[in-house]
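Note sheet for the following structure.
The values are calculated or read from the model by the stated rules, or taken from the named source; none is laboratory data. Here the structure is a predicted model, which means the values were calculated and not measured. With ideal geometry, Cβ positions are generated from the backbone for all residues, glycine too; neighbour counts draw on all protein chains shown.
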Amino acid sequence: DSAPPPNFIRNIIEEDLKTDKYSGRVITRFPPEPNGYLHIGHAKSICLNFGFAAEYKDECHLRFDDTNPTKEEVEYVESIKADVRWLGFDWGEHLYYASDYFDKLYDYAIQLIREGKAYVDSLSADEIREHRGTLTEPGKESPYRNRSVEENLDMFGRMKAGEFEDGTHVLRAKIDMASPNMLMRDPTLYRIRKVSHHRTGDKWHIYPMYDFTHCLSDSIEGITHSICTLEFENNRPLYDWVLDQLKVYHPQQIEFARLNLTYTVLSKRKLIELVEGGHVSAWDDPRMPTISGLRRRGYTPEAIRNFCERIGVAKRDSIVDMAFLEYCLREDLNKHAPRVMAVLRPLRVVIENYPEDQVEELDAINNPEDPGMGTRKVPFSRVLYIEQDDFREDPPKKFFRLAPGREVRLRYAYFIKCTDVVKDEQTGEIIELRCTYDPKTRGGDAPDGRKVKATLHWVSAAHAVKAEVRLYDHLFTKTNPTDEKKSSDWKSSLSPNSLERLTECYVEPSLADAAPESRYQFERLGYFCADRDSSDTSPVFNRTVTLRDEWAK
Ligand code: ATP
Ligand code: MG
Ligand code: MG
C-alpha cells in the first residue's frame, strides 16, 4: 500500500508526537448525534478519525452525542453502528454515550457555579436573545447575572429536581457579554426539558448543551485530537474556556472543511425532510447520499474509503463533484464485480436456421480483469432477446450495431445477420427480428477472417429470468441545490426523473436468486446490484452506476 497523502491534521499529530504532548497517544472519536442516518459527509469524518487511530495503532471512540432527548431515537443509534461497521471500522470496547456522563457533567456545572463562573438566568428565551446583542453591538447583562452562589446552587438543584417548567430558567456560563465572539456572550450550559431520554429515562429534567458536553466528554475519555468540521471554529474558544476553568485534561480541537457533493444535500435535517415529504422511499432509498442508501445502491465500503482518502482534508469549504465518487466506485467494481448479461429493453430475435429445441451451454468469462474468477455457462437457443437500442431499421452513419442485412457478433456465441423485421400491424412498432446465424463462428470468430463491427449482449428467451431494474439519476438537477436565493427553496431543484423503473427486463439465469447487495456488471450497461425488494420469483436490480462509455464496446 502506498503512503497516505500528507494533510494538515496529520502534520499536527506528527508534531504532537515529536513534542510528546499527549504521551505518544493518538486517541480520536467519531461523535454523531443519533438524530438521523449517517451520510457520505459523516463517512469522511469516520475515515479520518478511525483512519488516524488505525495508522497510529491507537483508539477511535464511537460516542453518541445524545444530549437532546427530543430528537434522538434508538433506531438511529443502531443504524449508525451498522453503518460504521459496514464501512469497515471497529470501535472495539470504545463505545460511549455522552448521556453516560450526565452525573459528571452535573458535578462540573456545580463546580463552575461555586466558583462564580456560571449562573441561573430566569429571562425568557426571547429576552436572552435580545440581551445577546449583535455582531456590531455588545450584549446586555441579564439582571440575574449577579445572583449569589447560594441562590444559583439552590435554583440549579431545583431545576434538576423538576420543579420548573421548560424554558423558565437556564444555566449560563459567566464569560463576557461584550465578546466579539457571540458564542462567548454567556452561553447556555443547561436547559430544562421535561422529556424522557432514550437511555436515562425520566431521571433528568435538565439537559446539558453541546458546547458544555462535547469538550468535557472529550476530556473524560482522554481524547487527544478532537477533529470536527469548520463551523465549530467559533466554538473552540468556548471549548477551551470550559476545560481551562475546570482545570481538567485538555484535548485539542482541530477543524476541517465539511464534505459537500454536487447534485445532493448533506444535512440530516434536509435528508429527514426528503424522507418525510415522500420525495424518496426511505433513508436507504438508493438515491440518498446516506451510507445505507449508497450501500443499497451498490456502493462498496472500499470505494467510499478510497474516495474519502483521495479528497483529502482542507481548511476551506468546497464542493466535490459526484462524478469523482462514481469514478472511485467504478474503479473498485471493475476489479471485483462479475460480468453477466441482462437485457433492459428487450427485442425478440428468432434465429431461423437454429434448430427448434436445441440448447447450447456457452462459456462466458466472469471477469476479464481477474482470470481467477473463472467462467460460467450461459444457455443459447433459437429465441433470444437483445436490447432494442442495438437495432435500427434505418441506421444512421455511425451506428454499427444490428440493422437489416447486417451481421454482428453475439457475445460468447455466434455471428448473426438480420434478415427480416416483424412489425405490429396496428402500431407499426418493431416486435421481432428474424435472423440467421453462422454455425462456424461459435465462440465469436469467423474462420474466413471476416469482421463485424459490433458485439451485442443477449439472453436466451426460454432461460432468462424476468426482472425489474431501477435506473437512478441525481436527486437534484442543480449542482448545488442549497445555492438558492431563499434557503428554504432548496427542494425546488428536486429532479422529477431521478427514478425510472423497467419492469420487463430479462437477466441470465445465473441471477435468478441473486442475494440482495450482490453486485454485477451487466455487460455494456453498467454496474447493478440486487435489491432487497427481490422476491423468489422476480429479482430487482438497482443500477449502481453506468459504465464510463456506455456503448464503447
Ligand atoms: P448534519 O448537519 O448532517 O446533521 P452534523 O454535523 O450535525 O451533521 P453529527 O451527528 O453531529 O452531524 O456529526 C458527527 C460528526 O460528523 C461530526 O464530527 C461532524 O463534524 C461530522 N460531519 C457531519 N457532516 C459532515 C460533512 N458533510 N463532512 C465532514 N464531516 C461531517
Ligand atoms: Mg452535530
Ligand atoms: Mg446537524
Q. Is it true that some residue in segment 345-358 is over 26 Å from Glu504 (Cα atoms) and either touching a strand residue (DSSP E or B) at 6+ places or on another chain (Cβ under 7 Å) or in a loop (DSSP other than H, G, I, E, B) (or both)?
A. yes
Q.
I'm told Tyr249 meets every condition in (1) among the aromatic types (Phe, Trp, Tyr); (2) touching a residue at least 60 places away in the same chain (Cβ under 8 Å); (3) within 24 Å of Asn49 (Cα to Cα) except one. Can you identify the failing condition by its number?
A. (2)
Q: Taking only segment 219-249 into account, find how many residues are closer than 15 Å to Glu59 by Cα, away from ligand 1 (no atom under 16 Å from the Cβ) and among the polar types (S, T, N, Q).
A: 1
Q. With (1) in contact with a Phe, Trp or Tyr (Cβ under 9 Å, 6 or more places away or on another chain); (2) buried (at least 16 other Cβ atoms within 10 Å of the Cβ) as the list, and Gly133 as the residue in question, which single condition is left unmet?
A. (1)
**Q.** Tabulated pairs, segment 279-304, first under 12 Å from Ser79 (Cβ atoms), second assigned to a helix (DSSP H, G or I) and acidic (Asp, Glu), C-beta under 6 angstrom, 6+ apart or interchain
**A.** Ile291/Asp83
Q: State which residue is surrounded by the fewest Cβ atoms within 10 Å (Cβ to Cβ) when the search covers only segment 254-301 and only residues that are away from ligand 2 (no atom under 16 Å from the Cβ) and of a type in the set (Gly, Ala, Ser).
A: Gly278
Q) Between residues in segment 39-68 that are not assigned by TED's automatic domain parsing to the domain that holds Leu230 and residues that are away from ligand 2 (no atom under 16 Å from the Cβ), which pairs lie under 8 Å by C-beta distance while being six or more apart or on different chains? A) none
Q) Got a sec? Which of Arg305, Arg287, Arg295 is closer than 22 Å to Leu274 by Cβ, outside the structural domain of Thr436 (by TED's automatic domain parsing) and in contact with a Gly (Cβ under 9 Å, 6 or more places away or on another chain)? A) Arg287
Q: Could you pull out the residue among Ile227, Ile272, Ile254, Ile220 that is in contact with a Cys (Cβ under 8 Å, 6 or more places away or on another chain), of a type in the set (A, V, I, L, M) and within 30 Å of Arg305 (Cα to Cα)?
A: Ile254
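In segment 27-69, what count of residues is obtained for those that are part of a loop (DSSP other than H, G, I, E, B) and more than 16 Å from ligand 2 (Cβ to nearest atom)?
Start the filter on segment 27-69 by keeping residues that are part of a loop (DSSP other than H, G, I, E, B), which leaves 27, 31-38, 56-59, 65-69.
Checking which are more than 16 Å from ligand 2 (Cβ to nearest atom) leaves us with 27, 56-59.
Total meeting the criteria: 5.
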Q) Which number in (1) surrounded by fewer than 20 Cβ atoms within 10 Å (Cβ to Cβ); (2) among the aliphatic types (A, V, I, L, M); (3) without any contact (Cβ under 8 Å) to a residue 40 or more places away in the chain marks the one condition that Ala514 misses? A) (1)
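Residues that are within 34 Å of the chain's Cα centre (by Cα) and hydroxyl-bearing (Ser, Thr, Tyr): which strands (runs of 3 or more DSSP E) entirely in segment 142-217 hold 1 or more of them? Steps first, please.
Working: elements: 170-173, 188-192, 206-208.
Because the criterion is at least 1 residues that are within 34 Å of the chain's Cα centre (by Cα) and hydroxyl-bearing (Ser, Thr, Tyr), the strands (runs of 3 or more DSSP E) in segment 142-217 that meet it are 188-192, 206-208.
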Q. Is it fair to say Thr419 is surrounded by 13 or more Cβ atoms within 10 Å (Cβ to Cβ), more than 26 Å from Tyr527 (Cα to Cα), at pLDDT 95 or above and assigned by TED's automatic domain parsing to the domain that holds Val459?
A. yes
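Return yes when Ala314 is part of a loop (DSSP other than H, G, I, E, B), aliphatic (A, V, I, L, M) and within 16 Å of ligand 1 (Cβ to nearest atom) and no when it is not.
On the way: part of a loop (DSSP other than H, G, I, E, B): yes; aliphatic (A, V, I, L, M): yes; within 16 Å of ligand 1 (Cβ to nearest atom): yes.
Against the criterion (part of a loop (DSSP other than H, G, I, E, B), aliphatic (A, V, I, L, M) and within 16 Å of ligand 1 (Cβ to nearest atom)), Ala314 qualifies.
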Q.
When the residues of segment 207-217 are narrowed to those that are in contact with a Phe, Trp or Tyr (Cβ under 8 Å, 6 or more places away or on another chain) and in contact (Cβ under 8 Å) with a residue 60 or more places away in the chain, which ends up nearest to Leu112 (Cα to Cα)?
A. Phe212
**Q.** Lone unmet requirement of (1) within 16 Å of ligand 3 (Cβ to nearest atom); (2) surrounded by 19 or more Cβ atoms within 10 Å (Cβ to Cβ); (3) assigned to a helix (DSSP H, G or I) for Leu325
**A.** (1)
Q: Considering each of Ser460, Ser535, Ser510 in turn, give the residue that is of a type in the set (S, T, N, Q), at pLDDT 95 or above and out of contact with any Asp or Glu (no Cβ under 7 Å at 6 or more places or on another chain).
A: Ser460
**Q.** Failed item, numbered, when Val320 is tested on (1) touching a residue at least 24 places away in the same chain (Cβ under 8 Å); (2) away from ligand 3 (no atom under 16 Å from the Cβ); (3) within 27 Å of Val77 (Cα to Cα); (4) under 19 Å from the mean Cα position of the chain (by Cα)
**A.** (3)
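Rundown of residues vs (1) over 16 Å from Lys268 (Cβ atoms); (2) among the β-branched types (Val, Ile, Thr); (3) more than 15 Å from ligand 3 (Cβ to nearest atom), yes/no style:
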position	(1), (2), (3)
Pro31	no, no, no
Phe50	yes, no, yes
Ala53	yes, no, yes
Arg63	yes, no, yes
Ile80	no, yes, no
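Going by the conditions given, is Tyr76 buried (at least 16 other Cβ atoms within 10 Å of the Cβ), outside any helix (DSSP H, G or I) and not aliphatic (A, V, I, L, M)?
Values: buried (at least 16 other Cβ atoms within 10 Å of the Cβ): yes; outside any helix (DSSP H, G or I): no; not aliphatic (A, V, I, L, M): yes.
Spelling it out, it is not the case that Tyr76 is buried (at least 16 other Cβ atoms within 10 Å of the Cβ), outside any helix (DSSP H, G or I) and not aliphatic (A, V, I, L, M).
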Q: Could you give me the residue pairs with C-beta distances under 6 Å whose first residue belongs to segment 22-35 and is in the same structural domain as Lys71 (by TED's automatic domain parsing) and acidic (Asp, Glu), whose second residue is within 16 Å of ligand 2 (Cβ to nearest atom) and outside any loop (DSSP other than H, G, I, E, B) wherever it lies, and which are 6+ apart or on separate chains?
A: none
Q | The lone exception for Arg501 - which of (1) of a type outside the set (Gly, Ala, Ser); (2) in contact (Cβ under 8 Å) with a residue 40 or more places away in the chain; (3) touching a strand residue (DSSP E or B) at 6+ places or on another chain (Cβ under 6 Å); (4) assigned to a strand (DSSP E or B) it fails | A | (2)
**Q.** Entirely in segment 379-486, the strands (runs of 3 or more DSSP E) that have 1 or more residues that are more than 30 Å from Gly298 (Cβ to Cβ)
**A.** 383-387, 407-410, 415-423, 430-437
